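Asker: Questions regarding the structure given below will be posed in turn.
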Amino acid sequence: MLRYLWRRLLHAIPILVGVNLLTFSLFFVVNTPDDMARMQLGVKRVTPEAIEQWKQSRGYDRPLLINPEAAGTARFTDTIFFQHSVRLFAFDFGRAESDGRDIAHEIATRMWPSFAIALPVFVVGLMAYVSFALMLVFFRGTAIDTGGVVFCVAAMSVSGMFYIIGGQYLASKLWHLAPISGFGDGVGAWRFMVLPIVVSLVSSLGEDGRLFRTFFLEEMDKDYVRTARAKGLGEARVLFGHVLRNAMIPILTGAVVVIPRLFLGSLVLESFFGIPGLGSYTIEAINAQDFAVVRTMVFLGSVLYIAGLILTDLSYTLVDPRVRLR
Amino acid sequence: MRLRLLFAGVLAMALGGCDLPWNSPYPAADATANTFYAGFAERPKHLDPVQSYSSNEISITAQIYTPPLQYHYLDRPYRLVPQAAVSLPRPAYLDAAGRPLPEDAPASAIAFSVYEVTIRDDMRYQPHPAFARGPDGTHLHHALAPEALAGVFSLADFRQRDTRPVTAADFVYEIKRLAHPRLHSPILGLMSDYIVGLKEYAERLREVNAALAREGRGEEWIDLRQHPLEGAEVVDGRTFRIRLKGKYPQFVYWLAMPFFAPMPWEADRFHAQPLLAARNITLDWYPVGAGPYMLTRNDPNRQMVLERNPHYHGEAYPSEGEPGDFEEGLLRDAGARMPFIDRAVYSLEKESIPYWNKFLQGWYDSSGISSDAFDQAVQVASGGQVMLTDEMRDKGIRLKTAVAPSTMYMGFNMLDPVVGGQGERGRRLRQAISIAVDYEEFVSIFANGRGLPAQSPIPPGIFGYRDGEAGMNPVVYDWVAGRPQRKPLEVAKRLLREAGYPDGRDATTGAPLVLYLDATARGPDDKARMDWLRKQFGRLDINLVVRATDYNRFQEKIRKGNAQIFYWGWNADYPDPENFLFLLHGPQGKVSAQGENAANYVNAEYDALFERMKNMDNGPERQAIIDRMVRILQDDAPWIWGMHPKEYGLAHGWVNNRKPNQIANNLLKYQRIDTEARAEARRAWNAPVLWPLALVALLLALLVAPAWLAYRRREAAGAIRLRAGG
């Protein structure tokens, strides 16, 4: 297993370099260093000299990818790409271009509110959706199952924004049960978290409930289920003890991939509920043409996805003893 | 039972007491605190006074910093009054040899203007660790070792703080900071043209900075006290002198902006420590001022909190205003000591819907009106008067409107061979389009009536603006029944014919006239606007092609003169006509000089008049010149004059002394809150409605119970079958 892990980690390096290169290329196709300088200096009264000084002070006065005036390795190292990207691999994220703030500090501060919302949504949601799907499977072919599927399809068809605005309108505006938006300090934050968590759970119930129902139904006709029933096990035992365990691989595949979202947050949800998380950090940076933040967030997202996928592979060995990582 | 009691206790504690409405976004302890609540949609990027320039930044820094001057809160037209200064400075004029000149000397004879500013003697800075000294007199926090910073994550973690009086040297220090190579002040370019020696000073500091960088000391503090600046000098402890090149009467307006507020060298020294910068404890994040408020919490992802500066010298509320202020109760606090509010909490609110709902629930004291909420907030009477809806009035909400000192226009690129040029053909084409594009309709459809169709670049409230028939643009309007009426389309068609495009076709080639509009159109609202514009041009049989692009490319096109027609706008820096008329000053062309004249308009007579006008004091002679300049512009029509936005602001009845002021930013100190009335209204408006919770529980029970029963039945049925089979 260690060899497998080592190999996967080595594979991650070219992936991260590639992601970095792609981000860099896409960013600078749209924004030139001059555009970045103008954005940071403001649109009023910006002189060409001020733009040059800004670029010089931030190291954006170099060529983008290849420096034809340099010799040897400096042709590649004395460039914006190398100077601004290589230190990411040491997790040195530097400072934001827009406000000069330390990016690592900002991420460390902003990821916890995102995590505080996303973790309960992830855990409670997984339990709720699995239970709901198992219930539908238990009543498969009955009116309860049909009604459940109709409910799921209807719930899936409604925009996520509707749940947010509807939740705020009902729970906060009409019934005054929770703050419309905002966040608190320490344990006082729970009052602000209830509504976004409930809205998140409800908004995904249709989609995830139906997906999990499909996973479980696939298992229901397998021989081991028939055997379990033949041995006289109750339906609950069959479902929770056998079907659920065997359906864990597709569930885990879907679940672990969302791990980065636990930290990186949700843009729309955080924006509407005023949660000071990481969800909007990247979008704000793109709007502000803040390359330092954009490259960091994309890099971090890639690292977390790779870590999530490795964890998924590891989790397979836990839920299915036949899986061996070599 | 014990568990139930425990749960109830925890719930009560968590809710912070029964007095706190469940939907309160604030702690229970703040229920009757003397705090002002508002929101912000965009986080400020810079709070360093030499860098912050955008309105969302200045709305914070203006409460903290004390530049020499400020605008009178109530009086109109806007006028300057002293803030840190004891009086308004009058410039002394000198010729090239340094000899004094009279006040009315011609601008061409004036080589230098000297502003001598004397400041109050009772100003002290907010408590700050940068001022803390040890028993031996040395500053405690100017050379921090890494171990001294254990447990320090924000400025609040420094326990030892102190203050000191504001001196004239602090103002000079700040002026020097405009040239600091690491700060990139947005007004360095402009001020280098005026403040004697500032350009050279910036060069010198760049060399110093580069030398430090070469030695690997690139982050080391540069002590600006060691580097004198010719144009800014200390006269004595309370007086400093600024020396300008030539005559620049608008300079006094800059003295009302935080760019010229005092900055103690100790704060600059303290925040220049790289160890603090690594913890984001920078001057750009923690302003240090002597104003009525100090920033005690800066978490722009969530909240920014201003608290009363205990060392603020105090200031009396104005005793005079414009007619009508007394009747509106705006002089009730005349002479009272400011500030009235202890604390101001600004919460991040990116979306307009939650902001609006929280305002209606009383959690925010003031609000603008978004398009979504317009009909809920405002109704227009048959006579055209704007008034609040009954729902707003019942809540005691008050509406204040004011025309912003801004202009939103459509520019023609005068370098373009079709729409540009000083020839008759281009002029008549521009005039025809100016008539055809119906801005009254635009304001009605796209701005809910919140705008004033413009007659010239100068908005109301700025000297030089003329109301009524005298101010009407005779090229586009006729004066009918006491108001301007847009000329009929036939006039525009005639002008188009005279321009050589009868029925929208080139008279010589017969080709249809196709014009191009460059815009940063993005959303569905923009699409509707563009469709409307196509329709307006279509009325003249002109085919308008919209070239939508991102902001970067748009700016590039404007810079290079590749746009033909474009949308643009300008917000006043200060209330002087020069700040609008310079947008069409030839030597400040965007293509020729990277200036702000985006239309690249050049007219020799206009340019000559501008040079005269900009150096004059307000008076009949200046007005006459402005009238002539405006008339030239109206004839040449380098812009479709567009509109001046009208801002609608709402405030709850418990907010007192609120008057729209579109130029000043240091407005918080004037406001007063009736905290008891607010607390009562909040309680009344936010009582929790509990029946939906019971209903949800009941529905869940109704859903789960049949499923549970069915499950039990099936399990039992299976057992019977098994037994029967066995």
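Asker: Residues of segment B:381-429 being exposed (fewer than 12 other Cβ atoms within 10 Å of the Cβ) and of a type outside the set (Asp, Glu), which ones?
Answerer: Scanning segment B:381-429 gives B:381, B:382, B:383, B:384, B:385, B:417, B:423.
Asker: Quick test for you: out of A:172, A:181, pick the one residue that is among the small types (Gly, Ala, Ser), facing chain B (nearest Cβ under 7 Å) and part of a loop (DSSP other than H, G, I, E, B).
Answerer: A:181
Asker: OK, next. Across segment B:252-272, which residue is surrounded by the fewest Cβ atoms within 10 Å (Cβ to Cβ) among those that are within 14 Å of chain A (Cβ to nearest Cβ) and in a loop (DSSP other than H, G, I, E, B)?
Answerer: Among them, the one singled out is B:272.
Asker: All but one of (1) assigned to a helix (DSSP H, G or I); (2) touching a residue at least 12 places away in the same chain (Cβ under 8 Å) hold for residue A:229, so report the exception by its number.
Answerer: With (1) assigned to a helix (DSSP H, G or I); (2) touching a residue at least 12 places away in the same chain (Cβ under 8 Å) applied to residue A:229, the lone miss is (2).
Asker: Specify which of the listed residues (A:100, A:94) is at positive phi, surrounded by 13 or more Cβ atoms within 10 Å (Cβ to Cβ) and in contact with a strand residue (DSSP E or B) (Cβ under 9 Å, 6 or more places away or on another chain).
Answerer: Just a single option satisfies the conditions, and that option is A:94.
Asker: While we're on this one: Show me the strands (runs of 3 or more DSSP E) entirely contained within segment B:34-126 in which 1 or more residues are without any contact (Cβ under 8 Å) to a residue 60 or more places away in the chain.
Answerer: B:80-82, B:92-94
Asker: Could you tell me which numbered condition residue B:196 fails, if it satisfies all but one of (1) over 21 Å from residue A:52 (Cβ atoms); (2) without any contact (Cβ under 8 Å) to a residue 60 or more places away in the chain; (3) of a type in the set (A, V, I, L, M, F, W, C)?
Answerer: So residue B:196 meets the others, but not (2).
Asker: Also: Quick one: which residue in A:214, A:253 is hydroxyl-bearing (Ser, Thr, Tyr) and modelled with pLDDT of 90 or more?
Answerer: A:214
Asker: Considering only residues that are outside any helix (DSSP H, G or I) and more than 13 Å from chain A (Cβ to nearest Cβ), look in segment B:587-611 and name the one that is nearest to residue A:38 (Cα to Cα).
Answerer: In this case the residue turns out to be B:589.
Asker: Within segment B:615-665, can you find the residues that are acidic (Asp, Glu) and outside any loop (DSSP other than H, G, I, E, B)?
Answerer: Those that are acidic (Asp, Glu) and outside any loop (DSSP other than H, G, I, E, B): B:621, B:627, B:635, B:636, B:647.
Asker: Taking residue A:187 as meeting all but one of (1) within 29 Å of the chain's Cα centre (by Cα); (2) over 25 Å from residue B:692 (Cβ atoms); (3) within 11 Å of chain B (Cβ to nearest Cβ); (4) at pLDDT 90 or above, write down the number of the exception.
Answerer: The number of the failed condition is (4).
Asker: Let me ask you something else. Would you check if residue A:318 is assigned to a helix (DSSP H, G or I), surrounded by 15 or more Cβ atoms within 10 Å (Cβ to Cβ) and not basic (Lys, Arg)?
Answerer: No: the conditions fail for residue A:318.
Asker: Now for a separate question. Can you tell me which condition residue B:610 does not meet? The list is (1) closer than 23 Å to residue B:412 by Cβ; (2) over 28 Å from the mean Cα position of the chain (by Cα), and all the others hold.
Answerer: It is condition (2) that residue B:610 fails.
Asker: Report yes if some residue within segment A:45-65 is away from chain B (no Cβ under 14 Å), closer than 25 Å to residue A:14 by Cα and in a helix (DSSP H, G or I); otherwise report no.
Answerer: Checked against the condition, which is being away from chain B (no Cβ under 14 Å), closer than 25 Å to residue A:14 by Cα and in a helix (DSSP H, G or I), segment A:45-65 yields no hits at all.
Asker: Give me the pairs: first residue in segment B:212-228 and more than 14 Å from residue B:266 (Cα to Cα), second residue among the hydrophobic types (A, V, I, L, M, F, W, C) and assigned to a loop (DSSP other than H, G, I, E, B), beta-carbon distance under 9 Å, and six or more apart or on different chains, which are they?
Answerer: From residues that are more than 14 Å from residue B:266 (Cα to Cα), the pairs are B:212/B:222; B:219/B:272; B:220/B:272.
Asker: Look through B:389, B:407, B:401 and report the one residue that is touching a residue at least 60 places away in the same chain (Cβ under 8 Å), farther than 30 Å from residue B:493 by Cα and polar (S, T, N, Q).
Answerer: B:401
Asker: Let me ask you something else. Tally time: how many residues in segment B:506-532 are touching a strand residue (DSSP E or B) at 6+ places or on another chain (Cβ under 6 Å) and without any contact (Cβ under 8 Å) to a residue 24 or more places away in the chain?
Answerer: The number of residues fulfilling the criteria is 1.
Asker: Tell me, which helices (runs of 4 or more DSSP H) wholly within segment B:343-413 include 2 or more residues that are within 14 Å of chain A (Cβ to nearest Cβ), within 24 Å of residue B:679 (Cβ to Cβ) and modelled with pLDDT of 95 or more?
Answerer: B:352-360
Asker: Now a separate question. For residue B:448, all conditions in the list (1) polar (S, T, N, Q); (2) touching a helix residue (DSSP H, G or I) at 6+ places or on another chain (Cβ under 8 Å); (3) modelled with pLDDT of 90 or more hold save one; what is the number of the exception?
Answerer: (3)
Asker: Suppose we filter segment B:466-478 for residues that are without any contact (Cβ under 8 Å) to a residue 12 or more places away in the chain, farther than 20 Å from residue B:495 by Cβ and outside any helix (DSSP H, G or I); how many remain?
Answerer: Of the residues in segment B:466-478, 1 are without any contact (Cβ under 8 Å) to a residue 12 or more places away in the chain, farther than 20 Å from residue B:495 by Cβ and outside any helix (DSSP H, G or I).
Asker: How many residues does segment A:232-247 hold that are surrounded by 15 or more Cβ atoms within 10 Å (Cβ to Cβ), assigned to a helix (DSSP H, G or I) and at pLDDT 85 or above?
Answerer: Looking only at that region, the number is 6.
Asker: Using the structure shown, decide if residue B:184 is under 24 Å from residue B:262 (Cα atoms), in contact with a helix residue (DSSP H, G or I) (Cβ under 7 Å, 6 or more places away or on another chain) and at pLDDT 95 or above.
Answerer: no
Asker: State whether one or more residues within segment B:415-428 are touching a strand residue (DSSP E or B) at 6+ places or on another chain (Cβ under 7 Å) and assigned to a strand (DSSP E or B).
Answerer: No, that holds for no residue.
Asker: Looking at residue A:200, is it hydroxyl-bearing (Ser, Thr, Tyr) and within 14 Å of chain B (Cβ to nearest Cβ)?
Answerer: When the stated conditions are applied, residue A:200 does not pass them.
Asker: Which numbered condition in (1) in a loop (DSSP other than H, G, I, E, B); (2) closer than 27 Å to residue B:349 by Cβ; (3) more than 14 Å from chain A (Cβ to nearest Cβ) is the only one that residue B:285 fails?
Answerer: (3)
Asker: For segment B:549-586, give me each residue that is outside any helix (DSSP H, G or I) and among the acidic types (Asp, Glu).
Answerer: B:550, B:573, B:576 - these are the residues of segment B:549-586 that are outside any helix (DSSP H, G or I) and among the acidic types (Asp, Glu).
Asker: Where residues in segment B:298-315 are in a strand (DSSP E or B) and within 10 Å of another protein chain (Cβ to nearest Cβ), which of them is surrounded by the most Cβ atoms within 10 Å (Cβ to Cβ)?
Answerer: Applying the filter and picking the extreme gives B:303.
Asker: Filter segment B:519-568 down to the residues that are within 14 Å of another protein chain (Cβ to nearest Cβ) and of a type in the set (S, T, N, Q), then identify the one that is surrounded by the most Cβ atoms within 10 Å (Cβ to Cβ).
Answerer: For segment B:519-568, the residue satisfying everything is B:555.
Asker: Next up: Counting just the residues of segment B:1-56 that are touching a Pro at 6+ places or on another chain (Cβ under 6 Å) and away from chain A (no Cβ under 11 Å), which one comes out modelled with the lowest pLDDT?
Answerer: That would be B:56.
Asker: If you don't mind, there's one more thing I want to ask. Looking only at segment B:318-333, which residues are under 17 Å from residue B:76 (Cβ atoms) and surrounded by 14 or more Cβ atoms within 10 Å (Cβ to Cβ)?
Answerer: Of everything in segment B:318-333, those that are under 17 Å from residue B:76 (Cβ atoms) and surrounded by 14 or more Cβ atoms within 10 Å (Cβ to Cβ) turn out to be B:318, B:321, B:325, B:326, B:328, B:330, B:331.
The values are calculated or read from the model by the stated rules, or taken from the named source; none is laboratory data. Just so we're clear, the structure is a prediction, and the values are computed from it rather than from any experiment. A quick note on method: Cβ atoms are made from the backbone with ideal geometry, for glycine too, and the neighbour counts reach across all protein chains shown.
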